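Notes follow the structure.
The values are calculated or read from the model by the stated rules, or taken from the named source; none is laboratory data. Because the structure is a prediction, the values reported are computed rather than measured. Cβ atoms come from the backbone with ideal geometry, glycine included; neighbour counts cover every protein chain shown. Please note that ligands, DNA and RNA were not included when accessible areas were found on the heavy atoms of the full protein model with its side chains. Shrake-Rupley method; radii C 1.70, N 1.55, O 1.52, S 1.80 Å.
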Amino acid sequence: MDQYIIKGGNPLVGEVVIGGAKNAALGILAGAVMADDPVLIENLPDVDDVNVLLDAIAGIGAIVDRVDRHTVRINGGTIKSVYVDYEYIKKIRGSYYLLGSLLGKYKEAQVALPGGCNIGSRPIDQHKKGFEALGAKVTIEQGGIINATAKALKGNHIYLDVVSVGATINIMLAAALAEGTTIIENSAKEPHIVDVANFLNSMGANIKGAGTDVIRVKGVEKFHGSTYSIIPDQIEAGTFMVAAAATRGDVLIKNVIPKHLDAISAKLVEIGCDIEEYDDSVRVVANKRLSHTNVKTLPYPGFPTDMQPQMSTLLALSNGTSVVTESIFENRFKYVAELARMGADIKVEGNMAVINGVEGFMGAAISAPDLRAGAALVIAGLVAEGFTILDQIAYIERGYEAFEEKLTALGASMKKIDVNDEREIKKFKLQVS
């Protein structure tokens, strides 16, 4: 088991290149198995969630060829089973996209109930509602296996009771090979919804309206091979934007789509950052203590819930009192107790955090409770006085590729070490002192 040791106090300065979007990659990889021809996927992030899903896809018989670290070729023509119970698949949320893709292609799918970070309730009722509207029978078997079968899938009018990214993608996948036209109302509008739809269209699907709240899917008989490049990761980019602001740095964040970052950029400007946008990059400069603001997480194009812990950490260092309201996941404030160990003044009441900004943090031994909270605690360590040791970094590696390498290239003083290696801790402290 690994951990990060971080010596705070260095401003982040320089350039960082953002990788492919993890959340888009999971839906796209699941969709790739729907073709019986080779599908080449580029700009793939090399993170644990993606690698687990690729192992699961190979486990059901598809050909998975890792061309290089960020490119994979998948051929779903050799799939032998629609039963996905790979040992680690329960650890990632995106495993449920194989339900939609296998159901769409084979009219049958059996997939273990997904896991992922424990940040709140993420029921599959809207997925089930969508599949049943298309004509499938969906049951949850003993042992937590979701079983979906259909004699045929037929297009239908589906209204989602709540905006759900996962349900929107899953229904798109299944409907793309159904008979007739499916209309998904109250659909999610996140950038990775659009990316999955564009990918499916590149294989021959007929999907229109992705990125709006009404998506129309006209079913086709089969898919063909394709070459596709995944969009940049909005959340990785946002994390480096906040890290630059928190450390009072100057960072050019490259390979991004600035429009996807509007909600994050707007809040950073509001509290005193300088933001410069270019065609495919964003520069963040902060040379003073920032001010307070209020933030409420909302579905896209609102402020993303996956950026809430990072933004709250920044506001905990800003001047004045801020209020952060979490409207998506009810357990997203578990990192607050860890920040309190470092000196943060945050009071959580229900889905709301009242943050009184402090002058600085003190290094401490802390633990990452989930993926995005882990990234936020790294940011806290980067600005803290003294040394911070962060455990449970496997959460972070689920969604950030080469996180410590990218940060150290910007001037951060941190290292990944074995949790039991006291000599490495002492060596690191001597090197940076």
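Observations on the structure shown:
- Net length gained if the chain between Glu141 and Ile63 were fully extended (0.36 nm per residue, minus Cα distance): 25.3 nm
- Annotation for Ala394 and Thr227: the two label points, set 7 Å from Cα along the Cα-Cβ direction, are 3.8 nm apart.
- Here each label is just a point 7 Å from Cα along the line to Cβ, and for Ser81 and Ala340 those points are 4.6 nm apart.
- With Cα atoms, 0 to 90° folded angle of helix 22-32 axis to the chain main axis: 20
- By accessible area with a 1.4 Å probe, ligands and nucleic acids excluded, highest first: order of Lys426, Lys416: Lys426, Lys416
- Length-normalised contact order of the stretch 1-154 in % [C-alpha pairs under 8 Å, at least 6 apart]: 18
- Highest mean first, the peptides 335-342, 98-105 sorted by other C-beta atoms within 10 Å per residue fall in the order 98-105, 335-342.
- With every protein chain in place, the chain: carbon and sulfur % of accessible area (1.4 Å): 49
- Under the Karplus curve 6.51 cos²θ - 1.76 cosθ + 1.60, θ = phi - 60°, whole-Hz ³J(HN,Hα) for the stretch 193-198, x wherever Gly or Pro sits: 4, 4, 5, 5, 4, 4
- Highest average first, the peptides 238-250, 2-14, 207-219, 349-361 ordered by how many other beta carbon atoms sit within 10 Å of their residues are 238-250, 2-14, 207-219, 349-361.
- Alpha-carbon centroids, the stretch 357-422 and the stretch 20-82: separation in whole Å: 30
- Linear extension gain, Asp161 paired with Thr181, 0.36 nm per residue minus alpha-carbon span: 5.2 nm
- Residue of Gly76, Gly31, Gly61 that the Gaussian network model of the chain assigns the largest fluctuation, springs spanning Cα pairs under 10 Å: Gly61
- Between the helical axis of 422-432 and the longest alpha-carbon principal axis of the chain there is an angle of about 60 degrees.
- Sequence ranges 254-263, 33-42, ranked by mean other-Cβ count within 10 angstrom, highest first: 33-42, 254-263
- Annotation: amide H-H contacts under 5 Å for Gly225 (H modelled 1.01 Å from N, sequence separation of 5 or more, or interchain): Asp37.
- Between the C-alpha center of the stretch 126-187 and that of the stretch 220-253 there is a gap of 28 Å.
- At R0 = 30 Å, FRET efficiency that the Cβ-Cβ distance of Met352 and Arg289 yields, to 0.05: 0.80
- Relative contact order computed over the stretch 163-203 (Cα-Cα under 8 Å; 6+ residues apart), in percent: 53
- In the stretch 25-113, Cα pairs under 8 Å separated by at least six residues give a relative contact order of 33 percent.
- Approximate spin-label separation Glu422-Glu277, in nm, with each point projected 7 Å along Cα-to-Cβ: 5.3
- Of the cross-linked pairs Lys22/Lys218; Lys334/Lys416; Lys267/Lys334; Lys137/Lys296; Lys107/Lys296, those separated by over 31 Å at the C-alpha level are Lys137/Lys296; Lys107/Lys296.
- Per residue accessible area of the chain, 1.4 Å probe, in Å²: 38
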